[in-house]
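Colleague: Mind looking over this structure? Questions follow.
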Amino acid sequence: MANSGGSAKEEMLAALGVKDIEELFVQIPEDHRMERPLDLPPQLASEVALSRHLDDLMGKNMVFEQSACFRGAGAWPHYVPAICDEVVGRYEWQTSVFGSPTSDHGRNQAWFEFTSQIGALVELDFVGLPVYSWGCAVGHGVRMAARMTGRRKVVVPEVMDPERRMVLETYCEPTEMARHIQIATVKVGADGCIDRADLKAKLDGAGALYFETPGYHGVIDADPGELCALAREAGAEAIVGVDPLSLGLLEAPGAYGATIAVGPTQPLGVHMYAGGGVGGFIASLDDERYAHEYNTLNVSISETREPGELGFGLALFHQTSYGMREEGKDWTGNSVYLWALANATYMSALGPEGFAEIGRLIMARSTATAQALDALDGVSVDLSRPVFKEFVATFDKPVSQVNAALRAKGLLGPKDLTGEPGVSGNAALFCVTEVHTKTDIDQLVAAVKEALA
């Protein structure tokens with residue numbers, strides 16, 4: 001490298017005021033230092049060799065076509081319109097310096113549109129910019145509730161996505177920490193819904209109730225408003241997790257009494273990206289109590305001196321970690337603000353009728369798949385429940401064997417739920433969306449039939 005030769009090292013040491021590199025490491029205790037050489041592979045000779053090495057490693061991955069993926073549970077195979085990629089790929093978004101006046105290029109307006117559209121979907125009028133994931137949105141929502149109520153307890157269903165549960169546990173902090181939040185688990189009945197009697201007993205002293213509809217297993221609660229009412233009667237915040245694409249069919253959480261709504265943004269025009277960087281939203285009542293507990297960036301709109309002209313800016317910036325550093329409401333900083341532009345583009349292209357249409361399509365195709373699988377010998381699906389996108393099936397054989405057979409056919413099978421709460425036997429979570437045609441579904445059903453033969 002150009003800076004590794006000549007007098008560069010001596011000049012840097014002189015600038016630091018030290019004679020040799022060892023003086024920089026004197027602060028590291030001796031027992032923390034490695035005394036043996038690192039066992040590293042041979043050095044590659046060139047960038048060409050490195051590129052070929054990486055291509056060889058990535059070539060070991062098995063890549064599935066979107067229509068061949070029947071697994072969700074956190075990142076789902078949805079169609080991403082070309083306009084979404086076109087918008088987020090524009091250099092104005094990708095090369096701007098965040099925070100400077102010259103970095104806007106319409107970004108603030110696009111962010112405002114995102115928050116407005118999410119607010120309309122969930123029928124809650126205060127929405128922040130997205131956080132890292134659905135799980136992070138849950139964690140921040142629970143911490144918001146704890147600060148508002150002064151109560152350090154949250155009630156969650158025993159059947160919950162394990163990854164979101166682990167993220168929530170991280171946000172609730174270890175028991176030794178002063179800001180620890182206790183997680184209480186409420187029972188789930190045979191119908192897959194929260195046990196009301198057990199919930200009433202667990203809500204005492206709780207700052208929040210968190211539940212999802214559709215839930216982790218795809219169960220749609222018939223009366224989520226009752227759950228919200230029970231939470232509010234106990235003095236707790238009602239936090240509801242929702243799939244935004246379900247809201248073309250299902251009632252919005254704000255309409256049945258949720259005070260905070262959270263959910264994923266990946267279904268709204270973002271590719272799966274191996275499950276990473278997919279985003280989560282937080283929305284709440286448009287009330288000062290809630291607004292002052294957001295950790296996120298919040299975009300506002302205002303008239304200007306010029307008649308008919310509108311300006312956009314960041315509101316409540318002082319309460320974020322950008323404004324108050326460690327004294328902020330919670331850590332602010334994100335890698336998914338770009339996806340908010342994709343989300344806004346997707347929602348603009350879809351519109352209200354589009355949400356209803358895609359909701360009906362997903363429900364029809366997932367229901368047809370559940371019925372076809374249930375008709376096979378060795379498979380069972382509870383068809384008494386409405387199905388939206390995800391559903392549980394049980395097999396006579398281990399799920400790992402079924403998935404291995406599906407992989408051999410070029411299909412990514414369901415998530416193995418075996419041993420998780422709320423299921424018995426060899427259980428799996430299937431995902432079917434608008435990208436799956438009748439041909440795709442027939443291929444899946446035939447492959448499962450063959451795997452169980």
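The values are calculated or read from the model by the stated rules, or taken from the named source; none is laboratory data. All values derive from a computational prediction rather than experimental measurement. So basically every Cβ, Gly included, is an ideal-geometry build from the backbone, and we count neighbours across all protein chains shown.
Colleague: Restricting to the range 312-341, and then to whatever is in contact with a helix residue (DSSP H, G or I) (Cβ under 6 Å, 6 or more places away or on another chain) and more than 19 Å from residue 136 (Cα to Cα), can you tell me which residue is modelled with the highest pLDDT?
Modeller: 341
Colleague: Taking the range 115-148 as the region of interest, how many residues are under 20 Å from residue 351 (Cα atoms), assigned to a helix (DSSP H, G or I) and either outside the structural domain of residue 243 (by TED's automatic domain parsing) or not small (Gly, Ala, Ser) (or both)?
Modeller: 5
Colleague: I've got another one for you. Filter the range 324-337 for residues that are surrounded by 15 or more Cβ atoms within 10 Å (Cβ to Cβ) and not in a loop (DSSP other than H, G, I, E, B) and give the result.
Modeller: 337
Colleague: Looking at residue 448 and the list (1) in a loop (DSSP other than H, G, I, E, B); (2) of a type outside the set (D, E, K, R); (3) at negative phi, which single condition is not satisfied?
Modeller: (1)
Colleague: Further question: Residues of the range 61-114 being at pLDDT below 90, farther than 25 Å from residue 135 by Cα and among the small types (Gly, Ala, Ser), which ones?
Modeller: 89, 96, 99, 100, 103, 106
Colleague: Within the range 397-425, restricting attention to residues that are farther than 21 Å from residue 218 by Cα and of a type in the set (D, E, K, R), which residue is nearest to the chain's Cα centre (by Cα)?
Modeller: Within the range 397-425, the match that is nearest to the chain's Cα centre (by Cα) is 407.
Colleague: Still on this structure: Just to confirm my filter: which strands (runs of 3 or more DSSP E) fall fully inside the range 210-311 and include at least 1 residues that are at pLDDT below 95, within 19 Å of residue 126 (Cβ to Cβ) and in contact with a Gly (Cβ under 7 Å, 6 or more places away or on another chain)? Step through it out loud before you land on a result.
Modeller: Values: elements: 237-241, 260-264, 280-284, 298-303.
So the answer is 298-303.
Colleague: Only one of 291, 252 is of a type outside the set (S, T, N, Q), farther than 20 Å from residue 229 by Cα, in the same structural domain as residue 228 (by TED's automatic domain parsing) and surrounded by fewer than 23 Cβ atoms within 10 Å (Cβ to Cβ). Can you tell me which?
Modeller: Numbers: 252 fails: farther than 20 Å from residue 229 by Cα.
Only one candidate qualifies: 291.
Colleague: What are the residues in the range 255-288 that are among the β-branched types (Val, Ile, Thr) and over 24 Å from residue 226 (Cβ atoms), if any?
Modeller: Step one: filter the range 255-288 for residues among the β-branched types (Val, Ile, Thr), giving 259-260, 262, 265, 270, 278, 282.
Passing the criteria: 265, 270, 278.
Colleague: Report yes if some residue within the range 295-309 is under 26 Å from residue 383 (Cα atoms) and surrounded by fewer than 23 Cβ atoms within 10 Å (Cβ to Cβ); otherwise report no. Give the derivation first.
Modeller: Filtering the range 295-309 for residues under 26 Å from residue 383 (Cα atoms) gives none.
No - not one qualifying residue is present in the range 295-309.
Colleague: Taking the condition of being surrounded by 24 or more Cβ atoms within 10 Å (Cβ to Cβ), among the hydroxyl-bearing types (Ser, Thr, Tyr) and over 15 Å from residue 209 (Cα atoms), how many residues in the range 255-284 meet it?
Modeller: Going through the range 255-284 one residue at a time, the tally reaches 1.
Let's see how each residue does on (1) touching a helix residue (DSSP H, G or I) at 6+ places or on another chain (Cβ under 9 Å); (2) of a type in the set (A, V, I, L, M, F, W, C); (3) over 12 Å from residue 138 (Cα atoms); (4) buried (at least 22 other Cβ atoms within 10 Å of the Cβ):
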position: 154; (1), (2), (3), (4): yes, yes, no, yes
position: 162; (1), (2), (3), (4): no, no, yes, no
position: 170; (1), (2), (3), (4): yes, no, no, no
position: 175; (1), (2), (3), (4): no, no, yes, no
position: 178; (1), (2), (3), (4): no, yes, yes, no
position: 182; (1), (2), (3), (4): yes, no, yes, no
position: 185; (1), (2), (3), (4): yes, no, yes, no
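Colleague: Could you please find all residues in the range 418-432 being in contact (Cβ under 8 Å) with a residue 60 or more places away in the chain and touching a strand residue (DSSP E or B) at 6+ places or on another chain (Cβ under 7 Å)? Talk me through it step by step, then tell me what you get.
Modeller: Let us first name the residues in the range 418-432 that are in contact (Cβ under 8 Å) with a residue 60 or more places away in the chain, namely 420-423, 429-432.
Within the range 418-432, 422, 423, 429, 430, 431 qualify.
Colleague: Specify which of the listed residues (366, 348, 400, 384) is more than 16 Å from residue 129 (Cα to Cα), of a type in the set (Gly, Ala, Ser) and in a loop (DSSP other than H, G, I, E, B). Please lay out each step first, then the result.
Modeller: Details: 366 fails: in a loop (DSSP other than H, G, I, E, B); 348 fails: in a loop (DSSP other than H, G, I, E, B); 400 fails: in a loop (DSSP other than H, G, I, E, B).
After applying the criteria, what remains is 384.
Colleague: Being touching a Leu at 6+ places or on another chain (Cβ under 9 Å), aliphatic (A, V, I, L, M) and at pLDDT 95 or above narrows it down to one residue among 159, 167, 155; which is it? Walk me through how you get there before you give the answer.
Modeller: Working: 159 fails: touching a Leu at 6+ places or on another chain (Cβ under 9 Å); 167 fails: touching a Leu at 6+ places or on another chain (Cβ under 9 Å).
Selected residue: 155, the only one of 159, 167, 155 that is touching a Leu at 6+ places or on another chain (Cβ under 9 Å), aliphatic (A, V, I, L, M) and at pLDDT 95 or above.
Colleague: Within the range 130-152, work out how many residues are surrounded by fewer than 22 Cβ atoms within 10 Å (Cβ to Cβ) and either modelled with pLDDT under 95 or among the acidic types (Asp, Glu) (or both).
Modeller: Looking only at that region, the number is 1.
Colleague: Another question, if that's okay. Only one residue in 196, 164, 151 is over 30 Å from residue 428 (Cβ atoms), touching a residue at least 12 places away in the same chain (Cβ under 8 Å) and assigned by TED's automatic domain parsing to the domain that holds residue 245. Which one?
Modeller: Selected residue: 151, the only one of 196, 164, 151 that is over 30 Å from residue 428 (Cβ atoms), touching a residue at least 12 places away in the same chain (Cβ under 8 Å) and assigned by TED's automatic domain parsing to the domain that holds residue 245.
Colleague: Among 276, 225, 311, 257, which is the only one that is under 28 Å from residue 77 (Cα atoms) and not aliphatic (A, V, I, L, M)? Walk me through it before giving the result.
Modeller: Working: 225 fails: under 28 Å from residue 77 (Cα atoms); 311 fails: under 28 Å from residue 77 (Cα atoms); 257 fails: under 28 Å from residue 77 (Cα atoms).
Every option except 276 fails the conditions.
Colleague: Moving on. Taking the options 267, 244, 253, 214, name whichever one is in contact with a His (Cβ under 6 Å, 6 or more places away or on another chain) and not basic (Lys, Arg). I'd like the intermediate steps shown before the answer.
Modeller: Numbers: 244 fails: in contact with a His (Cβ under 6 Å, 6 or more places away or on another chain); 253 fails: in contact with a His (Cβ under 6 Å, 6 or more places away or on another chain); 214 fails: in contact with a His (Cβ under 6 Å, 6 or more places away or on another chain).
The unique qualifying residue is 267.
Colleague: Let me ask another. Of the numbered conditions (1) among the small types (Gly, Ala, Ser); (2) in contact with a Leu (Cβ under 7 Å, 6 or more places away or on another chain); (3) in contact (Cβ under 8 Å) with a residue 40 or more places away in the chain, residue 410 fails exactly one; give the number of that condition.
Modeller: (2)
Colleague: With the condition being in contact (Cβ under 8 Å) with a residue 12 or more places away in the chain and among the hydrophobic types (A, V, I, L, M, F, W, C), I'd like the helices (runs of 4 or more DSSP H) fully within the range 1-94 carrying at least 3 qualifying residues.
Modeller: Working: elements: 8-16, 47-58, 82-88.
Here the list reads 82-88.
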